[in-house]
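A short reminder: the numbers here are calculations on the coordinates, not readings from a lab. Just so it is clear, the model here is predicted, and its values are computed rather than measured. All Cβ positions, even for glycine, are placed from backbone atoms using ideal geometry, and neighbour counts span all protein chains on display.
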Amino acid sequence: MSETRDLTIAEAIREALTEELDRDPTVFLIGEDIGRAGGTFNITAGLQERFGKDRVMDAPISEAGIAGLGVGAAMAGMRPVVEIMFCDFLTLAMDQIVNQAAKLHYMTGGQAQVPLVIRTMMGAGRSAAAQHSQSLHAWMAHIPGLKVVLPSTPRDAKGLLKSAIRDNNPVVFFEDKMSYGVKGPVDKGDYTIPLGVGDVKRTGEHVTLVATSSMIQVALEAAEVLSSDGISAEIVDPRTVKPLDKETILSSVKKTGRAVVIDEGYLSYGVTAEIAAIISDEAFDWLDAPVKRLGATDVPIPMAPALELATVPSIEQVVETARGLFGRRF
Amino acid sequence: MATEVYMPQLGLTMTEGTVIKWLKMEGDTVTQGEPVVEIETDKVAAEVEAPADGVLGPILVSEGSIVSVGGLLSHVLAPGEAPPALAPSAAEAVPRATSEALPGSEIEELSPSADDNDDRVVASPRARRLAYELAIELTNIEASGPGGRIVEADVRWYADQMKAQSVFLVSPVASRLAEELGVDLARLEGTGPRGRIVKADVERAAAGASLSTPSPTVSVEAGKIEPLQGVRRVVADRMTQSFTSTPHFYLSAEVDAMSLTQMRERLLPEVEAATGVHLTVTDILVKVCAQALVEFPEVNAAWIEDASESGRLQLTDVNIGIATALDEGLIVPVICHADQLTLSEIALRRADLIERARAGELKLEDLEGGTFTLSNLGMFGIDQFHAIINPPQSVILAVGRIQERPVARNGVVLARPTVYLTLSVDHRLLDGVQGARFLDRMAKLLEEPYLLMV
Amino acid sequence: MTLDNELLSEMYYQMRLIRRFEETAEELYKRGTVVGLLHMYVGEEAVATGVCLALNDDDYITSTHRGHGHLIAKGGDVKRLLAELCGRVTGYCRGKGGSMHAADLSLGILGANGIVGGGFGIATGAALSAKKKNSGQVAVCFFGDGAANQGVFMEVLNMAALWKLPVIYVCENNHFGEYTRFDEATVTNQPIGARAAAFGLPTAQVDGNDVIAVYRATEEAVERARAGDGPSFIEARTYRLKGHHIGDVGFSRAYRTPGELEEHWDQEPVGLFRKWLLENEALSENEIQEIEARVESELEEAIDFVRESPVPDRSELTEHVYV
């Protein structure tokens, strides 16, 4: 049983990067402002000093070029960790990620490997407006050949990032920009959390809340409120959205009979639709109520806080939606 | 394409049947017309046939269960086909109003959906699954879920109620009301159909009305009570209904049986030679009853009651039922058109019916259409008894044993063979005089059989 | 390297092999054995040959949708390439990539690419890895005049120059970007190389039909790269003798001036080099014919190989999505 201490998600990610850079000489970081400046969110602070410009590279503003470089370097035996500063900018690198990285192993019949990690930032809530506040992980999850990871706690962030770096497939690692300050216990030293395995963050009896990334914190708060209604909520964190750990979600819903899926991507055509469809299909006979979804409102994310905060699923919305699944008898 | 195997309607009055024995198991190949399950209904055992060629699906109802007409028993599936997901069958029976509908039946309490325009039952998949596992019909369950959906907890609650109340019947509305008002159902007597506890009973109890029965003096050990099934259940129900709803009065006559016994002895070899059958007193009684019914058509009538009207129905055929005791209970096979049969024919027919009854091979048509019932307990040493009318008939004739008894004739006491005839009469259909005339004529015909020639 | 006879025969062999392979593939396509999209390299053989023969086996190349020539010149196996074009499991990519994604990682061939400009990032990244590993490897990025107009070209030029990456950008200007003439799609006030020169890359412009000239230019760039002096740019001017893709027959006439095609056939590189070899007594007619016979038997072998090769099993469908 290893020692733990409280770290923020930011610190946990930095620790993972540090340990992996230390451990494996083929690992290097590349991104805009990650070196000298330590990253816009300060995640990579101190890393260039420690490991040098060769291992922690400041890149020009060339998302396509940087991502492409990452693909080529990965194919040639390195383990690049590319940072795309806001996931909104994935759009500029889409060909490299979707048409090249995701498909090269398959298209070459297994010859090429692309052990690339793309770290990128998601989430609204700091008035960054429509082009800096999206959560586009559904786009990545849609593409065969990519793995998509969304950590929600410091412990998960460190363990999952290490696994992502050691994975021989291209992994897109989404960090919530508003949650870097979330604190939690993190094991000291080396440990990994496998990709594709979900986690029950809270056990309960009456309703399953499936939530990703920062929505886990929202769900945990909502569960507290619901418990005063006598509703005991179970919270399932998939942690990896692709490949998805269906079993953990399904066995929870089979137990409780009710599900609410909460994700910060736009509601339409996203992660919640996929998970809800899987639940409705494979846990149909165990459902005591229809499966509900909560996502970001289908609007370009507005700047003004009064409007912006309304687009993100809130504790109240989760509580209300969950309550609506119950009659007087349960 | 799955084909339903359901409890068929066998007979106008049938509302439910008991599953006796599955002849085929899930997964067996069946051909159309092949018997799949034995059921018991209305005093007869019948077989339900496979409606199509294929493979028998999961058995939905276990042996011993009582299923309403139309209730789903199983499916015949195409090979490799999966059984259909359970939904309330379109043929789910709502208690039907028949000519034997009970007075004051509270149908609306028993099938909540019957009045709805939308007859789909809204239930969550989880609730449906549980209802299927527990063999509970969803239409009986009250919904508490959002949007009027039946949820798992509703099914569990209903099942718990049924378990607690397995000894007596309660309507769902009454059950819920009792839960709300804190009334102990165990202490109530039901006034609903077949003794069901209904809403009014609960309300009355809640209002503080005294219990209609004192605490039982017989202690009942939990688990020892055996609910009636099959023939016995039907008999019990019918007798209760008859006894409680039909105003009976009774007419008795002691009839000289000398001519009767002499005639029988004389005709015994003749009938034997003609039919191979042993002529009985019952045969002669049937002949005599038939004649009397022809002469007194007012006795050949039925009391009919349904949801819209009630009254007297004149019957045209003379079909005489012979009450017969079997191990399973009382059944009444019927000799149809007894007025048109010779004594030999009656004897032949009677022998055939009794033999088949004992072998359990009676068909429904053997039991249908009776207009008059004859019950003879003479062979059991009974002198005289009052029988309960077999509804919807107007009378029943109870015959005791032929015995030498002291009879006073012209001031002298003689020993003569006599037989007591007791006629139970439905006072709605016949009054005392009409009954008396009929019985008197019967007595005359028995005492002077040659009157039958006229 | 001195242009000894061995090298010259090798050059002719490769060029002849590429030319005959393309013609064979075209034949088989018409018969329905080769399936999918094919982009013929006919007329450009000197570029692939000249460049690749100046590279080592462990040097990297990225190729384009018109990639058979690059793969063959880099030492690839025509049997496995042909099998791949025919969708067989014995192909380079087990039938899953086809012409546009053929690759041989063991020879540093990082793949043909279906995206115009798709090789820019990959080649530059491979060069980055070579630099980090200090391995002395170089990466060649083949691309066409059309791809030079993709934005990512500029992004990688910047980074390659910034970090002095051992990458050589070889622009095969074959006169056409799909159905559009070069001068209708690209400003011509400056050569394409001017874009690279703007970032400080040494640039060269060579006659792409002259295999020796291409070879020499590449040699120089490779030396520079291996010495750690960073990236170079080579524009090899050539001409696409066939249509954009294999079905493009009628179209071809539409975007060429009358007589243009015939004119360029007179200057086609394989024939030119054959003549040169004989004229310069580098190889005898016999030796040349021996090479040509060798090429023919190799291709026959390849056809037999395809005939005996099964198509991929259904179970292959879901394999190799992830490592």
Discussion item. Neighbour counts of other C-beta atoms within 10 Å: give me B:75, A:206 arranged from fewest to most.
Written reply: A:206, B:75
Discussion item. Using only the Cα atoms of the protein assembly as shown, what are the Rg and Dmax in Å?
Written reply: 47.9, 166
Item to complete: Output the antiparallel fraction of DSSP beta bridges having both residues in the protein assembly as shown, as a percent to the nearest 5.
Response: 50
Worksheet entry | Test item: Cα-centred dipole of chain B, Lys/Arg +1 and Asp/Glu -1 on Cβ, debye | 1160
Item to complete: Return a whole-number percent for the relative contact order of chain A, with Cα pairs under 8 Å and 6 or more residues apart as the contact set.
Response: 16
Worksheet item: How many percent of all Cα-Cα pairs in chain A sit more than 25 Å apart?
Response: 50
Worksheet item: Just counting partner chain Cβ atoms within 10 Å, what average do the residues of peptide C:296-308 show around their Cβ?
Response: 0
Practice prompt. Of the listed pairs A:162/C:133; C:74/C:132; A:177/C:164, which have alpha-carbon separations greater than 28 Å here?
Written response: A:177/C:164
Worksheet item: What distance in nm separates the simple spin-label points at residue A:127 and residue A:317, each placed 7 Å from Cα in the Cβ direction?
Response: 2.1
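Take peptides B:49-60, C:187-198 and line them up by average Cβ neighbours within 10 Å, highest first, as a rough protection proxy. Working shown, then result.
On the way: B:49-60: 18.8, C:187-198: 15.4.
The packing order, highest mean first, is B:49-60, C:187-198.
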Discussion item. For a quick check: sort B:386, C:320 by the number of other beta carbons within 10 angstrom, fewest at the front.
Written reply: B:386, C:320
Worksheet, complete the sentence: Per-residue Cβ contact counts at 10 Å, fewest first, order A:50, A:323, C:314, A:293 as C:314, A:50, A:323, A:293
Worksheet item: Toward the positive end of the charge dipole of the stretch A:244-323, about the Cα centre and with charges on Cβ (Lys, Arg +1; Asp, Glu -1), which of A:268, A:302, A:313 goes farthest?
Response: A:313
Worksheet item: Pick from C:100, C:159, C:15: which is most flexible by mean-square fluctuation in a GNM of chain C where alpha carbon atoms under 10 Å apart are linked?
Response: C:159
Worksheet, complete the sentence: Hits in the stretch C:10-36: amide N under 20 Å from the 7 Å Cα→Cβ extension of residue C:284, namely C:10-13
Worksheet item: Long-range amide H contacts for residue A:7: which residues qualify at under 5 Å (H placed 1.01 Å from N, peptide plane, sequence gap of 5 or more or a different chain)?
Response: A:184, A:186
Item to complete: Quick one: angle between helix A:154-166 and the longest Cα principal axis of chain A, in degrees between 0 and 90, rounded to 10, please.
Response: 50
Worksheet item: Peptide A:71-84: average number of partner chain Cβ atoms within 10 Å per residue?
Response: 6
Item to complete: Pick out which of A:175, A:49, A:308 has the largest mean-square fluctuation in a Gaussian network model of chain A, springs linking Cα atoms closer than 10 Å.
Response: A:49
Discussion item. Please report the net charge: other residues with Cβ closer than 14 Å to the Cβ of residue B:184, K and R +1, D and E -1.
Written reply: -2
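Work out how much length residue B:249 to residue B:448 would gain on full extension: take 0.36 nm times their residue separation and subtract the Cα-Cα distance, in nm to one decimal.
69.0 nm is the gain from fully extending residue B:249 to residue B:448.
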Worksheet item: Using only Cα atoms, what is the ratio of the radius of gyration of the stretch C:121-227 to 2.2 N^0.38 Å?
Response: 1.07
Fill in: Debye intensity ratio I(q)/I(0), log10, the stretch A:4-187, q values 0.12, 0.18 Å⁻¹ (C-alpha model)
-0.50, -1.20
Item to complete: State, as an integer percentage, the relative contact order of chain B based on alpha-carbon contacts under 8 Å between residues 6 or more apart.
Response: 13
Worksheet item: What spacing in nm lies between the two simple spin-label points modelled at residue B:62 and residue A:37, each 7 Å away from Cα in the Cβ direction?
Response: 7.3
Item to complete: May I ask you to derive the FRET efficiency for residue B:265 and residue B:337 from their Cβ-Cβ distance with R0 = 41 Å, giving the value to the nearest 0.05?
Response: 0.90
Worksheet item: Roughly how tilted is helix A:215-227, in degrees to the nearest 10 and between 0 and 90, from the longest Cα axis of chain A?
Response: 20
Worksheet item: Given N residues in chain B, what is Rg(Cα) / (2.2 N^0.38 Å)?
Response: 1.16
Worksheet entry | Euclidean distance between Cα centres, the stretch C:44-113 to the stretch B:376-430, Å | 113
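For chain C, what Kirkwood radius comes out of the mean inverse Cα-Cα distance, in Å?
The answer is 19.9 Å.
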Worksheet entry | Angle in degrees between helix B:152-164 and the longest Cα principal axis of chain B, rounded to the nearest 10 | 30
Fill in: Under-5 Å amide H pairs with residue B:372, H placed in peptide plane, nonlocal only
B:319, B:321
Item to complete: List, in order, the whole-Hz ³J(HN,Hα) value for each residue of the stretch B:46-60 obtained from phi through the Karplus relation with A = 6.51, B = -1.76, C = 1.60 and θ = phi - 60°; use x for Gly and Pro.
Response: 9, 10, 9, 9, 5, x, 7, 6, x, 10, 6, x, x, 6, 8
Response to the item:
Phi angles of the stretch A:290-300, converted by Karplus (6.51 cos²θ - 1.76 cosθ + 1.60, θ = phi - 60°) into ³J(HN,Hα) in whole Hz with x for Gly and Pro, give x, 7, 9, 10, 10, x, 5, 4, 6, 9, x
Practice prompt. Could you run the Karplus curve 6.51 cos²θ - 1.76 cosθ + 1.60 with θ = phi - 60° over the stretch B:16-23 and give me ³J(HN,Hα) per residue in whole Hz, x for Gly and Pro?
Written response: 7, x, 9, 7, 9, 8, 7, 8
Practice prompt. Work out, step by step, the length gained on full extension between residue C:5 and residue C:297: first 0.36 nm times the residue separation, then minus their alpha carbon distance; give nm to one decimal.
Written response: 102.9 nm
Worksheet item: What is the antiparallel percent of DSSP beta bridges lying wholly in chain B, to the nearest 5?
Response: 85
Discussion item. Going by amide H atoms built from the backbone, whose H comes under 5 Å of the H on residue B:49, apart from near neighbours?
Written reply: B:36
Worksheet entry | Chain lengthening between residue B:47 and residue B:224 when straightened (0.36 nm per residue, less Cα-Cα) | 60.7 nm
